[in-house]
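The values are calculated or read from the model by the stated rules, or taken from the named source; none is laboratory data. All figures in this text were calculated on a predicted structure; none of them were measured in a lab. Because the Cβ atoms are built from the backbone with ideal geometry, glycine has one as well, and the counts that use them run over all protein chains shown. Just the protein is used for accessible areas: all its heavy atoms, side chains included, with ligands, DNA and RNA removed. Shrake-Rupley method; radii C 1.70, N 1.55, O 1.52, S 1.80 Å.
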Amino acid sequence: MVNGAVVEGVLERITYANEESGYTVARVDTGRGSGDLLTVVGALLGAQPGESLRMEGRWGSHPQYGKQFHCDNYTTVLPATIQGIRRYLGSGLIKGIGPRIADRIVEHFGTDTLDVIEREPARLVEVPGLGPKRTKLIGAAWEEQKAIKEVMVFLQGVGVSTSIAVRIYKKYADASISVVRNQPYRLAADVWGIGFLTADRIAQAVGIPHDSPDRVKAGLQYALSQSTDQGHCFLPEEQLIADAVKLLQVDTGLVIDCLGELAADPEGVVREKVPAGQDGAPVTAVYLVPFHRAEISLAGRLSRLLRTEDDRMPAFRDVAWDKALAWLARRTGAELAPEQREAVRLALTQKVAVLTGGPGCGKSFTVRSVVELARAKQAKVVLAAPTGRAAKRLSELTGADASTVHRLLELKPGGDAAYDADHPLDADLVVVDEASMLDLLLANKLVKAVPPGAHLLLVGDVDQLPSVGAGEVLRDLLAEPGTVPAVRLTRIFRQAQESGVVANAHRINSGVPPLTSGLTDFFLFAEEDNEEAGRLAVDVAARRIPAKFGLDPRRDVQVLTPMHRGPAGAGALNGLLQQAVTPARPDLPERRFGGRVFRVGDKVTQIRNNYEKGRNGVFNGTVGVVTALDSDEQRLTVLTDEDEEVPYDFDELDELAHAYAVTIHRSQGSEYPAVVIPVTTSAWMMLQRNLLYTAVTRAKRLVVLVGSRKALGQAVRTVSAGRRCTALAHRLSGAM
C-alpha cells in the first residue's frame, strides 16, 4: 500500500454507507476519460454525489473488487469543467437548483457559472425561467453553503462528520467555531444527535483536559440522561458515581466533588432520599431537574384532582345506575359484564380512574359506554391517545373526534404546552387510551391541563411494555391498591375466545407457550438460523401474507422485531423489505442520506420529537409514507398517519428512518391487520414475556412468528428483569 496519496475526482454515487462508523464505499470519476470509475472506501460520510472531492489516503487492492483508494479524509473543491459544474449544481447541494435548472444556468454562463453565482448572483435572472425570487434564494443558499463549508473545514479537523457539522452550523451559525473551541460540552445539550461521547472527542481535539471539572459534570449529566433513555427517572447515587468513573476514567473523589457542585446548582441535578427496591430501603436518588420536577408535580396534581370538591359531572353523584345501564344496553345493543359496570361507575363518579386489562376483555366497549353516558348528560368529552393510530382507533370506537396527546395540548417549540394549569382544557371528562405509553414528562403535561373538577380516565394494558420515555406511569398508579381508583378487566369475552391471537396473547402473558398449529390466524415458521429467519420474515411479510390473505404489504403488514441490530433486527430487515416492497426504478425519485436511500412510496417513521415541524410538532414514533421528492427544492414530503403532509429538507433526513420493520418498543399504541415477529437467538438478551406479549397484541387479525422454538420458549419464560427507578408510586401514596 502506498501512503500519503492524493486523488481528485467527482463523486458519482455512493454504494454503501454506515452512519454509525462513517465507513463509505463510493464510485468516483477521476476525469481520465476512460469512462471507468474508481472505487473509494473510507471516511466519506456526508459527501454528496456531484461534489468534486480532494481525497487524501492510500492505494490498496481488494481480492474481489480489485484496485481501491482508501480515503482518510477529504475536502470539497469547486469544479472547473462545464461537465463538472453542471453535475455539481445539479446534485442538489444548492437549494433551489436541481438538474434541469443547473442545465439552463450552465448553458447560459458556461465555465463562468460559479463566478457569477459567487460575485453577481443578480445576473441569474438572465437565465430563461429564473425570476428575481428564485435567484435571490439561490444567492442566499450559496452564501450559506460557503459559510457552512468554512465551519466544516474546522470541524473536520477535529473529527466531526459532515452531517453533524451542518447541525452545529444551523444551531450556532457564525458562532459555531467559537462554541466548539471554547464550550464543546454545550453541543451535547444543544444539538440533537450529538451525545456526550462525540462532544468529548471534540473537546479532546481542542485541548480540554481529561480531568476538567466541566468534562466530569457533563459526563455525570450524560450518564443520567442515558439512564432516562433506558426508562429510569433517577439513578441511585452510588450507581451514578460508579457509571461516571467507568465512563470518564477519572478518580472517584473528583466525580464525588463534581456531583456535589452539580447538586448545589439549581439547574444541575437534584439529590433526594427515596424508598427503592423490594424492601423499600431508602436510597439517595439523583435526578436531572426536569424529571424531579415532573414527578413531584404529577403526584401532587393527581392528588388534588382526586380530592377536589369541584365536580364538572355532578349528575352522576346520585344517578339511578340500573336505569342508566338499561338505557345504555338498549342504545349499544349489549349488556355490560359486572366488572365493566364497575369501571363505568368509577370513571363517572371518581375524578381519576384507571381501566386496565388484556385483549378481548372489553376495554374498548367499556370506554364507549363511559363516553355514551357522559354525552347523554351533555358532558364535554375530550379523547386522546399517545399515537396517531391509537387516536384514530379511539375516534372510530366512540364516533367522536380524538387526537394525539401532543396535539390536544398544542405543544410548542421547546416542549411547552398551550394548555396547562393556567389555561386548562375545556373538558368535563378526559379519556386517554393506550396509557401504558405515557412517560413521566408527557403524563405531567397532560394532568396539568385537566381542569379542577373534571374526570380523568386512563385506559391501557399494564402488562405491555412500559413507555419508551422515562417512567412507568400506569404501573405506578396501580402499584399501591386504593391509592388511585382502578378496575382490571379479566374476563375474556366469547367472541374474543375464538381468536387465536387473543388466546395466545393471554397464554404468553401467563407464561404458557402459544399454540402454533391448528389455528387460522396464528402461525410459527420455524427457522433456527438467524440470517435465514430474517430473510424468511421478509418473504412472509412482502409476498406470502399478501398472496394468501390479500393484504397490502406496506399498509396492512408490519414486521416487529425485538431489537434494531442483528441479522433479524429492524435495521437489516428494513433494507431487505424496501428492496421487496419499494425497489429502485428509473422513474422513481430517490435521495440517499448517510446509509439510507429514501424513495417515493417508502414507509418511514420520525425518530425524534421535533416541536417545530408540522402544525403542532412531529413526534418520535409518528409513521407515514413518502409522497413526494423534489430535487430542486431539496425537499421530501411525508403523509403521516395523522393525515398531515410534513415537508423535510434533505439535510433533515436524519430525523427519518424506514418503518417497514420497527422495534416492538416503537410499535406501542399502534395496531395492524397483520404482524410478523422474528424471534431469534440473536436477540437473546431482549427476549422477555412483556416484549412478545406487546408484539402479539399489536395484531388485529393475524400473527406470524418466524424463528426458533428455543428463542420463543426463552421469551415466554423470561419475566422482565427489575423495575425502573421511579418514585412516583411512593409520592402518590404519600400525597393521597
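Laid out as a table, the results:
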{"item": "Selection from region 409-435 of residues that are open to solvent by 10 Å² or more (accessible area, probe 1.4 Å) and within 18 Å of Ala390 (Cβ to Cβ)", "result": "Asp433, Glu434"}
{"item": "Meets criteria (open to solvent by less than 50 Å² (accessible area, probe 1.4 Å) and assigned to a helix (DSSP H, G or I)) for Leu336", "result": "no"}
{"item": "Among (1) at pLDDT 90 or above; (2) open to solvent by 20 Å² or more (accessible area, probe 1.4 Å); (3) not in a helix (DSSP H, G or I) - the single one Ala384 does not satisfy", "result": "(2)"}
{"item": "Selection count, region 88-126, where residues are crowded, with 21+ Cβ neighbours inside 10 Å, in contact (Cβ under 8 Å) with a residue 24 or more places away in the chain and over 39 Å from the mean Cα position of the chain (by Cα)", "result": "4"}
{"item": "Residues being free of Cβ contacts under 8 Å to residues at least 40 places away in the same chain, under 29 Å from Glu652 (Cα atoms) and over 33 Å from the mean Cα position of the chain (by Cα) - total across region 72-87", "result": "4"}
{"item": "Scope region 649-680; condition touching a helix residue (DSSP H, G or I) at 6+ places or on another chain (Cβ under 7 Å) and within 20 Å of Glu612 (Cβ to Cβ); matching residues", "result": "Asp651, Asp654"}
{"item": "Residue within region 251-263 that is in a strand (DSSP E or B) and either out of contact with any His (no Cβ under 6 Å at 6 or more places or on another chain) or open to solvent by 50 Å² or more (accessible area, probe 1.4 Å) (or both) present", "result": "no"}
{"item": "Qualifying residue in region 460-470 (condition: open to solvent by 20 Å² or more (accessible area, probe 1.4 Å) and assigned to a helix (DSSP H, G or I))", "result": "no"}
{"item": "Residue count for region 56-70, restricted to those that are open to solvent by less than 20 Å² (accessible area, probe 1.4 Å) and within 13 Å of Arg27 (Cβ to Cβ)", "result": "2"}
{"item": "Residue in region 309-319 that is open to solvent by 40 Å² or more (accessible area, probe 1.4 Å), of a type in the set (Asp, Glu), in a helix (DSSP H, G or I) and in contact (Cβ under 8 Å) with a residue 40 or more places away in the chain present", "result": "no"}
{"item": "Test result for Gly569, open to solvent by 20 Å² or more (accessible area, probe 1.4 Å) and under 24 Å from Ala526 (Cα atoms)", "result": "no"}
{"item": "Hits in region 421-447 (condition: in a loop (DSSP other than H, G, I, E, B) and among the β-branched types (Val, Ile, Thr))", "result": "none"}
{"item": "Test result for Gly534, surrounded by fewer than 17 Cβ atoms within 10 Å (Cβ to Cβ), at pLDDT 90 or above and more than 26 Å from Arg13 (Cα to Cα)", "result": "no"}
{"item": "Region 115-166, residues that are of a type in the set (Asp, Glu) and either more than 17 Å from Val179 (Cα to Cα) or at pLDDT 85 or above (or both)", "result": "Asp115, Glu118, Glu120, Glu126, Glu143, Glu144"}
{"item": "Residues that are part of a strand (DSSP E or B) and either modelled with pLDDT under 70 or surrounded by fewer than 17 Cβ atoms within 10 Å (Cβ to Cβ) (or both), drawn from region 6-24", "result": "Val6, Glu8, Glu12, Arg13, Thr15, Tyr16, Tyr23"}
{"item": "Filter result (over 17 Å from Leu248 (Cβ atoms) and open to solvent by 40 Å² or more (accessible area, probe 1.4 Å)) within region 193-204", "result": "Gly193"}
{"item": "Only listed residue being surrounded by fewer than 16 Cβ atoms within 10 Å (Cβ to Cβ) and over 30 Å from His665 (Cβ atoms), chosen from Asp190, Asp174", "result": "Asp174"}
{"item": "Single residue of region 692-734 satisfying the filter (touching a Lys or Arg at 6+ places or on another chain (Cβ under 9 Å) and open to solvent by 30 Å² or more (accessible area, probe 1.4 Å)) that is nearest to Phe234 (Cα to Cα)", "result": "Arg724"}
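Residue by residue, here is whether (1) over 21 Å from Phe593 (Cα atoms); (2) in a strand (DSSP E or B) holds:
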residue	(1), (2)
Ala47	no, no
Trp59	yes, yes
Phe69	yes, yes
Thr76	no, yes
Ile94	no, no
Arg104	yes, no
Phe109	yes, no
Asp112	yes, no
Val116	yes, no
